[in-house]
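Notes to accompany the following structure.
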2 protein chains.
Amino acid sequence: MSVTTLHRPAHRDALGLLESAFGDGRMVTVFGRCRVEYDGRASSSLGPGDRLVVCKPDGTILVHTDENRKPVNWQPPGCTHQASVRDGRLRIRSERTSPDERLDVAFERLEQVSAYEVTDRSDLTLTGSEEDLRQRILEDPSLVEAGFEPTATERETAAGPVDLFGSDAADRPVVVELKRRRVGPSAASQLTRYVAAVDEEFPEEGVRGILVAPSVTDRTAAMLDERGLEFVALDPVGDGVSEGDSDVGSGDDAEPE
Amino acid sequence: MSVTTLHRPAHRDALGLLESAFGDGRMVTVFGRCRVEYDGRASSSLGPGDRLVVCKPDGTILVHTDENRKPVNWQPPGCTHQASVRDGRLRIRSERTSPDERLDVAFERLEQVSAYEVTDRSDLTLTGSEEDLRQRILEDPSLVEAGFEPTATERETAAGPVDLFGSDAADRPVVVELKRRRVGPSAASQLTRYVAAVDEEFPEEGVRGILVAPSVTDRTAAMLDERGLEFVALDPVGDGVSEGDSDVGSGDDAEPE
DNA sequence: TTTTTTATTTCGACT
DNA sequence: AGTCGAAGTAAAAAA
């Protein structure tokens, strides 16, 4: 059976399901009125209220209220879950070491306890990241500039690794800094440091610095200009349709951008 | 009724519950085999698999697999949920504008659909942060030292902003560095820099530097001593029980705001 | 509204 | 196990 659910169970019955689910790697949700205590890197205390608690077989625990994307309390993967009944309450405890952290959820009222078997899996493919931007340029370096030839990614310099390194049509060294979205002054500073560092290595070759991002703020554009650096506007994804589609192509909605 | 649950429902029945729950502000969980498509700031595609989907009345949607703390896909608060049946699949769509983002979850198999009424609430009070420590001192500066008077927080200096700035009973300038837990040498170095910077501003006034934290390492204590700096032991929270209350004001700790 | 800063950030890659 | 940097960071505070 893929899902087991108890509706308003006695604590004792809930305990049985939790222990069984924790034991055989099922995912669990508990909804009810509870208090939460956390102590570890910080400390917190949450008074009684209705919350949804999710326990994953990898040791993750999440306590969600009816608001916000972030759990109001949580514990990261790698923790050990333990259920017990104490003082007439169902308690779920999640602990880990290094750092020492402990989360206690004490239910005084249980509305629902469910355990789910997760068997089918499939991985996520995300596009539009800085890595995508890099890939896009490596596939077609002319997007940066005609004649640009990348020679290395993450090339080490005295100022740290640069995103992309290569040479232009005139064989001058080119340092490229990639950002997946609109950039502020910090990116210009970073590129400045990289160019200075590479300039030390190739003193007579006129090292160029190019910032590649969808756009820049005005102040940053001025800063780049002052420092003799360049900017190329480029999105991580092509403006046309370059998506990772997947399933049946039922003629779904056209997408006027 | 606080919880409504459908076990392996027909899409049509699930749709009814979802629309009703979205309408009257209930929280929803759906477990089953689904695909997920996201398009917005980035794009992603998630093939078929078993996932737990949580829809909150504030517009949040979370898609969780059985691993990791982070949802594999999500939508932040403020989005609008919509359920429909298309191509024999139950689809939940969540959209928002600025930025334009859309998340589609298409279930081909539904194991469980539940709707929860969240009535009782209680706010979290995270204690033990540096901000708590600052508040605690601002409320009672004598915790640092009798006669200490804070005049500014985050006061700018040549070495950066100091946590707390003020004067002692003898009117000497005092720089206070706050740490919410046991500190190592870096905190002493930081305080040293601040004191040096402020000393430039008040050359003849004998600027004092005080590190406030629960405790220090031995080496750090020695370092402070060498440099003529001081240490005050203080926790971000009072030593007694310091609960985050919110609703019923059972007579616990007095919290003079 | 947009920008800046913080976080029990999370997460992955690398040492 | 610690360190560093990116993230569809999220969320709060400030501008």
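The values are calculated or read from the model by the stated rules, or taken from the named source; none is laboratory data. What you see is a predicted model; the values in this text were computed from it and never measured. Glycine gets a Cβ as well: all are built from the backbone with ideal geometry, and neighbour counts include every protein chain shown. We work out accessible area using only protein heavy atoms, side chains counted, and drop any ligands, DNA or RNA first. Shrake-Rupley method; radii C 1.70, N 1.55, O 1.52, S 1.80 Å.
Condition first: farther than 11 Å from B:VAL113 by Cα, aromatic (Phe, Trp, Tyr) and modelled with pLDDT of 95 or more. Can you find one or more residues in the range B:29-37 that meet it? No: the range B:29-37 contains no residue that is farther than 11 Å from B:VAL113 by Cα, aromatic (Phe, Trp, Tyr) and modelled with pLDDT of 95 or more.
Residue count for the range A:1-33 satisfying the condition of being open to solvent by 40 Å² or more (accessible area, probe 1.4 Å), in a loop (DSSP other than H, G, I, E, B) and not small (Gly, Ala, Ser): 3. Counting only residues that are open to solvent by 50 Å² or more (accessible area, probe 1.4 Å) and closer than 28 Å to B:SER44 by Cβ, the range A:102-119 holds 2 of them. Among residues of the range A:70-88 that are closer than 21 Å to A:ARG33 by Cβ, those with a Cβ under 6 angstrom from a residue that is near DNA strand C (Cβ under 8 Å from one of its atoms) and aromatic (Phe, Trp, Tyr), sequence gap 6+ or separate chain, pair up as A:ASN73/A:TYR38.
Just a yes or no: is a residue in the range A:50-69 of a type in the set (A, V, I, L, M) and open to solvent by 10 Å² or more (accessible area, probe 1.4 Å)?
No, that holds for no residue.
For the residues A:GLY47, A:GLY25, the requirement of being within 30 Å of B:GLY59 (Cβ to Cβ), within 14 Å of another protein chain (Cβ to nearest Cβ) and of a type outside the set (S, T, N, Q) singles out A:GLY47.
Looking only at residues in the range A:121-136 that are in a helix (DSSP H, G or I) and not polar (S, T, N, Q), the one that is nearest to the other protein chains (Cβ to nearest Cβ) is A:ASP132.
The combined condition, being open to solvent by 10 Å² or more (accessible area, probe 1.4 Å), within 11 Å of DNA strand C (Cβ to nearest atom), among the β-branched types (Val, Ile, Thr) and within 24 Å of B:MET27 (Cα to Cα), is not fulfilled by A:VAL36.
Taking the conditions exactly as written (open to solvent by less than 60 Å² (accessible area, probe 1.4 Å) and more than 14 Å from every other protein chain (Cβ to nearest Cβ)), does B:LEU164 satisfy them or not? Yes: the conditions hold for B:LEU164. Mind checking which residues of the range B:50-65 are more than 7 Å from every other protein chain (Cβ to nearest Cβ) and away from DNA strand C (no atom under 16 Å from the Cβ)? If the condition is that a residue be more than 7 Å from every other protein chain (Cβ to nearest Cβ) and away from DNA strand C (no atom under 16 Å from the Cβ), then B:VAL53, B:CYS55, B:ILE61 are the ones that fit. When the range B:190-216 is examined, which residues are found to be under 28 Å from the mean Cα position of the chain (by Cα) and surrounded by fewer than 16 Cβ atoms within 10 Å (Cβ to Cβ)? Listed by number, the list holds a single entry, B:SER215.
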